[in-house]
Structure formats: C-alpha cells, structure tokens
Amino acid sequence: MFAAPPDLDEVGNWRPSGGHQGSGYWLPSGWQRTVPTEHVLDGAPFPPWDRAAWRPGYALAAVMGHGLDAVDIDPRNGGDASLASLNGCLPRTIGWQATPSGGRHLLVTALEVGSRDAVLPGLDLKGGRPDGTGRGFVWIAPTVKVSKATGEIGAYRWGEVPNFARREGDTSGSALADRVRALLAPSGPSKGDGTPSGPGSGSVPYSTSQAEAFIGRALDSVSSANTGERNLRVNAASCTIYHFVPAFLTAEQAVGRIEAALPPGYDDPEWRKVVTGLRPPRDGWKAYLDESALPPGQALVEGAASNSSAGQPNGGPVVIPEAVHTSLDQEYLTFTQLVDLPTPDPMIDGILTRHAVAILRGRDASFKTFVALDWALCVATGREWLGRAVEPGRVLYVAGEGAYGLRERGTAWQQAWRTTIGSDFVVRKSAVNLYRGGAPLEHLLQLVEAYGFSLVVVDTLRRASGGADGNSSDMGTVVDNIDRIRRATAGGSVLVVAHTDKGDNDTRGYSGIEDDSDIVWHAKRGESLDLVLSNTKMKDGPESYDIPLMMKQCGGSLVVEGTSPLALTDLSGFAFKVHAALYEYEHIGVTGSMLAEAIGHNKGSVHRALNRLVGDGYVTKNGHLYKPSGRPWTDGPGVPGVAS
C-alpha cells in the first residue's frame, strides 16, 4: 500500500479534480515498486501501510498483484452486465468495497495476468504479473474522491472487510484468468462457415496466410538488420509476433522463429519477455499497428499486391481485430471530448508541465545547466523551486557534457538547501546519440519506461545529435526520438538544454525544434552572477514573462536563487502570497505558525518563505514576530483579538 498526497492550491485548499488524472491526489514516485511489509496478508483485518508517509487528508491505495487483484466494476459503463456475462468465471471474493461513483472493487486471489483496462465494457482488472510488471492499483477506504456519477465528494467504503484466510489454496480464479487471456488474444482463423473461431467474435479474423505475411515481414526485417539497428528491429518484430500468440503460434514456436532469424551470438533477452507475455509490448495492442514501432521503411499495411499475396483478393484492406479497433478509436475525439480533456498537470508550477517537451536555451556560460540541474533536483526531492510548488518524481539526467561537474554542483545544492539528493535522481554519464539510435537509445527507452521516470533531462542538444546535419531532415530524426523518450516516461516530460546561435536568438543547429516543443525558456546572463530566465513559449499557458535570478557561491560551486520573491509574482509565487498576507498584521506582527494557520498552508513552507523575505529585505522580524518592512512596531499580541 502507499499514501498519496492531495493536490493543494496556493493557499492549501484541496483541489478534488486536480492531481493524477483528476483524482485529487498525486501518486508518489515509484509506487509500482511498493511491496508488502512482513505483516501484510497475515490474516489481519487489513494490512498496514507506511504510516510514516500517511497523514490526514492523504489518500490510501493498494498495489495489486501481491497475492490480490481487484475486479473494478463501473455500472455507469455496463459493468454489471459485463460481470453477469462472465457466466460463473468470477472467482471467490476476498472482500469488496463500494466506490464514490457507485461502482465496486471485488478483491480476488491474484490471477497473475497483469492489469487490463476495459477487459469488458465497464470492467477493468487491476493486478500484476509474477515478475513485477503490469502493476495496477485501486484507491481504498477511507479515501475520498469526487463521484463521477453525482459530482459530490464521497468516500470509499468497505462492504466486506478483506479476509485473507480465504486465499489459502484458492484456485477459483483460473477460469477468469483464462477468460482474460482469451479476450485479449487476437482472433483465430475462420471456420468453414466464415464465423470467427476465437473469442473475439465481433471481428473478422485473420486467415493463416494473412498472419504468416505479417510474421514473415517481421522476421525478414530482423535477418536483414545492420548491427546498429538490430535491437530496434528485434523488439519491433517481437511486438508484431506477440499478437499472433497463441492463435497461430505457441510462444515456444514464436521464440524459435525469431531465434532462427537472429545472427549467432545475439543474446539480448528482453524480446523473449514480450513474445511470451512476461512484458507487454510498447503501446499494448497498438504496437504492431503503429508503424513508428516498426523498422524504417517497413510499412505494415501495404498496397493491393501485398494484400493479394497474403491471401486477400482484390487488394482488400487487412482486417483489424475488434480489440485493436477499440484502442485506436480512442485516438479520435469529438469537440466536447476535446473540451473535457484535463489541462496539463504542472511539474514545477509556471515552469514545466507534464506530457511536454521543453527547451532551455542560452549562450555558453549563461548558467543554463545550473538552472536545468536545479529544476531536476527539485523534482527528484520534491523541494519547492523559489516558492513554486513541485510535483516530485524520478529524474534521469543525461549528462552529455560529462558527469563529473554535476558531482560538485549537486554537493553544493545539498549544502545550500540542506536537502539530501536520494535515489530518485539518476545520472547517465555520457550522451545518447538521438540521430543514429541503436542499442544505447533502445536501452535508455526501456530504462525510462521500466523505472517510471517523470523527467528526463538531455544536456545538451548538440551532444545528443552527433552526426546530424543541422537544419535538415537529420534533425527531424533527433526530434522524433526526443518525443519517443517523452512517451516512455510515466506521463512526464523531457527537458532539452541547448546552445543558442551567435545572435542569442534561436536554438543553435536546428531552430525548428522550438516549433515542435511545448515550452521554451531562454537564459541570458548579466554582467556578473545574475541572469534572467525569459519564457518565450508556454503551450496552454501564459508566456512572455521574465524571472530574474542570481548565482550564489556555495562550497566549490554555484547554486541558483531568486533575486527577490516579488520577482516571481507573474503567476502565483508562494512567497508573494505570504508577503501579502502579512499586511493583515502590519502593525503588530504575527508568528510564522499563526500565519501558516491563517492562510491554511504548511508551517515549514511558510517559515521558509518568511526567511527568504527577511533576507531580501521585504519583511522584518522582531523576536518571533514578522511584519512587512517599513511598518512601525507597536505593542500588542501576535494576532488581533488574542490576549498577550
């Protein structure tokens, strides 16, 4: 289990529709790796959680696959009918809870098939595989959320508290596990009467010759691959062939055919996990229909001649299974659905959003790398950035200009802010060539996806695009691979550090990258240790504002700090709000704790903001009392109406 902090606004009020996917809460980094404690599943009424991480107002969530799965039933979308259609396949329930939206979570013994959304209309499975992949979670009581049915805030409630003793020797889930596998497998070849033989009866199935045409093209691409592109082609082929197991091939036959196409000595084991179902192919069902996942130059759905040779007369289209249709249909939106899309969640308030490609550009020695590192460390540690809220997450910093300089800068950062940099900050000590690709890029993509990185920093664009001809189609390949990295993150973003041209106006090498990005920041150094960050592009948000910064000496390096909290008022700088609140007590002063209570915010954050305001001369302190500078002190208590 894990505790999830609430999404709060600038004054500490809960935003029920904010946070992760509008849940009102933020998921902690690495929640997929949450494992039971030694007391979990020992027959207690309900397993304990990390109480040190939980506090009032937080949500509780249970990670599935550790002995338990959850069947998530949403009656608003046909969940009750889907449950009835299982025809006795539902295993014994260990317990169940009601959701705020009128649904139910049925806890069952783990099926070991992973998490699958939309197994049937209104019916999801939250689970996990034995190797730790495919983890899902469910919110559990006493978490409160906004009901999707009524719009009111409601709580999860246990209808039957879990009884873990029922798991002992329970094999009642095998039928449902088989049913789930069958529902998600591609349809088999046609029967003599032309009806599908597989369970996906809503689709016209592949013929054996059509399936063999797909498999053959995938294997041909592997056998003809050059050394540098072999990993890409093997992984793409395994994604393609996965969808014909077990309808046309057993997993063992699929592995054997790919092995026969490989050169001697090739021993990367990852593709075997895809073919045998231990690791889902990238993008799930869309993997083999997504031509970007195939080797360059290999089109999946070809013209009439190719279709005819695959056994489809008159050049008709290759038939797409129903499960794939459902997945692809989600790529199309009506205008109403478009309006209902959630706004991009902030990663650093007013600076970076999730699901974005951001550029931080500047001349040599403009302190841009210091700023990029500062942002990265704030995300990795959850520390506010100059009074701005930060959503914590895992960070990968690709240090194309070398990792040794980052060691001194990171040490100085820890010393200056008295914050420990933990394991959620990871450095790659050399660049990855985003133009030529190959094994290093594929390994990076797998690492980003497997470890759930929220932010990937590419420092610098020049180092990452080695060999590409600037301002040409070569750089288009680099930009495409940057977006591949973004898609591999856990709903996160990529920050690219780049040099500017001689005029300090555009990104050097390929100015078009700014057209394809969502956010652009420009770092311009002053005469000494000062600089100005200028926002020139902020998709779906305000732009064209400046943030003045100073570099402060610390240890053997420099750290970034604001020249004034009042310089950050362009959006919702927290220090500015604290300063404004002080005017309620401008004549008598107020303690930091009382001010925090008055504005409904964390005491530690308020005290840090007050200390910065005092240091910059905007607030004066007398004993334990604070007030705006330039206001005379008068005798009296810390808060109006409270006796001294």
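All of the numbers you see were taken from the coordinates with simple rules; none came from a lab. Predicted model, so just to flag it, every value in this text is computed and none were measured. Glycine also receives a Cβ, built like all others from the backbone with ideal geometry; neighbour counts cover every protein chain displayed.
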Handout entry: Under 5 Å, built H, 5+ apart or other chain: amide partners of ILE153
Key = SER147
Exercise for the section: Determine the distance separating the Cα centre of the stretch 99-122 from the Cα centre of the stretch 491-532; give it in Å without decimals. Expected result: 45 Å
Exercise for the section: Kindly write out, for the stretch 140-148 in residue order, the coupling ³J(HN,Hα) from the Karplus curve 6.51 cos²θ - 1.76 cosθ + 1.60 (θ = phi - 60°), rounded to whole Hz, with x marking Gly and Pro. Expected result: 10, 4, x, 3, 10, 8, 6, 5, 6
Handout entry: Label point distance in nm, LYS621-SER534, each placed 7 Å from Cα along Cα→Cβ
Key = 3.7 nm
Fill in the blank from the handout: Listed by chain and number, the lysines with an alpha carbon less than 27 angstrom from that of LYS603, same-chain partners under 8 positions apart left out, are LYS145, LYS552, LYS577, LYS621, LYS627
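Sort MET550, MET1 so the one with the fewest other Cβ atoms within 10 Å of its own Cβ comes first.
Values: MET550 17, MET1 21.
Starting with the residue having the fewest Cβ neighbours, the order is MET550, MET1.
For SER85 and ASN163, what is the calculated FRET efficiency with R₀ set at 30 Å and r taken between the beta-carbons, to the nearest 0.05? Mind dumping the intermediate values first?
Working: r = 27 Å, r/R0 = 0.90.
Result of the calculation: an efficiency of 0.65.
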Problem - Label-point separation in nm, THR150 to GLU252, each point 7 Å along Cα→Cβ - result: 5.6 nm
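Report the percentage of all Cα-Cα pairs in the stretch 346-563 whose separation exceeds 29 Å, rounded to a whole percent.
Of the Cα pairs, 18 percent sit more than 29 Å apart.
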Fill in the blank from the handout: Listed with the fewest Cβ neighbours within 10 Å leading, TYR585, TYR156 appear as TYR156, TYR585
Handout entry: Order of ILE421, ILE241 - criterion: other Cβ atoms within 10 Å of each residue's Cβ, fewest first
Key = ILE421, ILE241
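Which FRET efficiency, nearest 0.05, do ASP9 and GLU212 yield, Cβ-Cβ r, R0 51 Å? Please list the in-between numbers first.
On the way: r = 58 Å, r/R0 = 1.13.
E(calc), rounded to 0.05, equals 0.30.
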Handout entry: Whole-angstrom gap from the stretch 433-460 to the stretch 1-28, using each part's C-alpha centre
Key = 29 Å
